[in-house]
Each structure stands twice: as C-alpha cells, then as structure tokens.
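Bear in mind that the values in this text are calculations on the coordinates, not laboratory data. Remember, predicted model here, so these are calculated numbers, not experimental data. Reconstructed Cβ throughout: ideal geometry from the backbone, glycine too, with neighbour counts over all protein chains shown.
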Amino acid sequence: MIEPTKKRTLAALLAMSLVAAACGGGGQTTAPATGTPSTPTTAPETAAPETTAPETTAPETTAPETTAPETTAPETTAPETTAPETTAPETTAPETTSPGTGEPTGDFTIGFSNPLGVGNGFREEQLCTAKAQALVSGQVTSGTWTHRNTDAAGQLSDIRDLIAADVDAIVFNPLDPEALNPALDEAQEAGIVTVAIDAYVTDPETYNLSNDQVAYARIGAEWLFEQIGGEGRVWYTRGIPGHPADNDRHQGVLEALENYPDIELWPSEEGVHTNWDPTTATNLASELVASPDYDSIAGIWTSGMDSMVVDAIQAAGKPFVPIVGADLRAFVEQLLNVSGNYEGLTGIAVYNPASVGGAGVELALRVLNGETVETTTRTLQDSSGNPVDIEAVFLPEPEAYDNASEEGLARLEEINVPDLDPFWPVSWQIEGWTDYDFETMKACRGPGE
C-alpha cells in the first residue's frame, strides 16, 4: 500500500528542516500536439494546443527516440454525434478507504505528460479521456497538458516544467521505467502527487495504474496459436524497445509460447519493433508481403499496429492469415468486414483501453482527497528479462473478441463505435474509474479550455 503524498505546504516545511537532504498500440489521427503552459490553455477546436515544451538538454537515456510523424489537425469542429449505447467491458475499481468523510476537499490543478502523443491514436484518446475526467469531476480548476513526440530525456524535462507550473498532481505515461525517477522525486518533495498510467515506473512513491499488459499479450497469443493448430511460423511485431509496456507484452507472449513448442516466433523470439509508429508498421508489413517470407507465415501477432498490417496484405493481394490486434475501431471494422474489402480475414481484438488516462486523473484525485489506495505487487520483467517487483493498481484482465465465432462477432458488433476516430480504441471508458460521457470525451477539452 502506498500512503498519499503530503500536501505541498507540509513538504515545503519538511524541506526547510532537511536542508542537506538528497533526492530519487494506434494509428495516425488528426489531433495536434499540445503544450505545457503554466496557466490554463485554450484548446483548438478538435485537439489540444500546440506544444511549447522546451528542447531538453538532459543526458541521453536508454529509451529510443520515437519516430511517429507529426500530424496537423483540421481546424474544424467535430460534428454533433450521438453517444453510442455500448460501453467498455465492466471493470471493478480497487477497494479504497478514506479517512473522515472521503468527500472532495478542494479544487486542484493537474499536469499531464503524454509523450509519443502525436500520430498515435491510443495516446490521442488517452489525452482526451484525461481531460474529460478532469472536467466532469468538478474538482479540477485547470490543467497543463503536455502532448508531444519526444524521448525519455524530453519527458524528464516536461515533468520538471509541470513541477514549475505548481500543479497538485502529475499524471504521465512513462517512456522508461527508471529514467524519470529524479524528476518524480523532485515533484514529491514539492508535495505533488505522481501517477504513472499504462506502464510502470520503479519510483516507490509514484502510484502505478496499468492495463494488464502481460495478460493482453498472452490472451491474444494463445488464441492465435490455437487458430493455426499449435504449429507454424508467427510474425511477431512489438512496440518500443525498453518501454515497460513492451517488456510486459513480451513476457505475456513468451508465457503463451511455453505451451506451444511447435510455434516459431519470426524473425526471432525478440520480434521486430514498430516503435508503435504507423508508418514504420506499414513499411515493415509491405516489405514482408513483397517477399517470399510471407508465404511461410501462418499467423501474425501485433502490438496494436494492426489495421496497417491488414491493409498492407490487402493492398498486395495476398491471402490473409489469422492476426491479433487491439480494439482500435479500424481493426474492429476490418474484422466485421464493414467495407466489404476484408473477406476471409480472421482475427481477434484485445481490449487495451486508452481511457486509462481518465482513470489516472481519477486516481490522482482520490489521493489528493485523502483516500488510501489498495495496490497489488506483481513480478514483471525488465528489458533484459530480469524480474522486477512492481506495486500498482492493475485494471482487470482484458476481454477479447474474435470474428471466428458467432459470440465474438456479436460482441464486435456491439462494441464498435462508428462515430469514433478509426485509430482510437473503442474502449473509451472504464467502469468504476471514469464518469464522462462520449461527447465530452470526443470534445477533448479540459477545465478552463
């Protein structure tokens, strides 16, 4: 169990008394980058504001630089739509206890760090869910939303900018499990609550809130291995080398592989990294289908770069093989063959809710209101395969739906959200963690914007 971080005023008094103490998966979308102002920002009509985060001169870390292309949002207002009747699968919030009444105690400011955000549908939706949850909570007066493509050194600088903005909590999707720890220590010394979402950090005072990435990978891999009869070559594509979510998914695939000795991961058990960049994934898939190697592939496991791979196969006129993907709307509609262009495609969509962004804001508010958050410790693996114990709030094991069964097809029809950006996950909310409606999430405007 992690105790709530003390308020900023108490931290300041403590710092004065300790003078010498030391400190420790989506496709291309149309939302633009946003910045890191120290005052409430004004969002453009369809996305977050242009980034103003300074260029970092921090020493290079082990996290690779991202390659996602910058995108530019059209300056049009999203059309009025009707919220879909479907919702993400039910989840259960962890049990919490609150001293006193547990009632909200004040107005707060939120800082949000979302690297790899431009051109990645998962990260775009994650930002919008965070803004939406902050808005409907009634407890957040303003937010500073940092949304740009950078590396771990750049994110370290971004978090320090959020500290300087004097926010009450920082919610962030970490690019590296350890590289951000110095800035997280500085935030906590300033009395700021820190919450890592979607992937973990090793800083012991940061709250980790994560989708179950190990289960995400294992569930899809087990389905795929069964679909191809327990034998054959599987093209294995991954995310960013060293990213904690990529490490966890690799662990899940290898766990599934243990029970299928006649499955070969290709080009190797280490797979090939797409960097979660749609252009890179498209190029890799196009190269594969243009080569004789594709004829030896029995199935494909993707780490969220799914619809791009399917489109590359379709464009080349090659036969489809069973494929694992995430719950991005484009891939869901390919499995449903909405356009009529994907006859013969078999696959499974595994839930990976970007609404963890909204859940992270909710967790930060619970801590700021004095609630004690129950966590679980699990043994995961780092980039070298070494065990590491991580204390976190883990969201429930993801659901998955294939188009090879009547039940799966019915659920794919149910979860599809035609009004959603095609490269955003259809799991746009999390039961027990988010309260916004569909229109509020789509508007992508936080408090004060």
| message | Given a Förster distance of 25 Å, report the FRET efficiency between Ser268 and Val388 from their Cβ-Cβ distance, rounded to the nearest 0.05. | response | 0.60
| field | Sequence ranges 412-420, 438-446, 122-130, ranked by mean other-Cβ count within 10 angstrom, highest first | value | 122-130, 438-446, 412-420
| message | Quick check on packing: order 282-290, 382-390 by the mean number of other C-beta atoms within 10 Å, highest mean leading. | response | 282-290, 382-390
| query | Whose amide H sits under 5 Å from the amide H of Ile170, counting only residues 5 or more places off or on another chain, with H placed in the peptide plane? | reply | Gly111, Val193, Thr194, Val195
| note | Lys and Arg at +1, Asp and Glu at -1: neighbours of Gln126 with Cβ under 13 Å from its Cβ sum to -2
| message | Viscosity 1.306 mPa s, temperature 10 °C: what is the translational diffusion coefficient of the range 213-350 from Stokes-Einstein with a Kirkwood Rh over Cα pairs, rounded to a whole number of µm²/s? | response | 109
| said: Placing +1 on the Cβ of each Lys and Arg and -1 on the Cβ of each Asp and Glu in the range 213-350, which of Ala221, Ala281, Trp266 has its Cα farthest towards the positive end of the resulting dipole? | reply: Ala281
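Work through the residues other than Met441 whose Cβ is under 13 Å from its Cβ and net out their charges, Lys, Arg +1 and Asp, Glu -1.
Local charge sum for Met441: -4.
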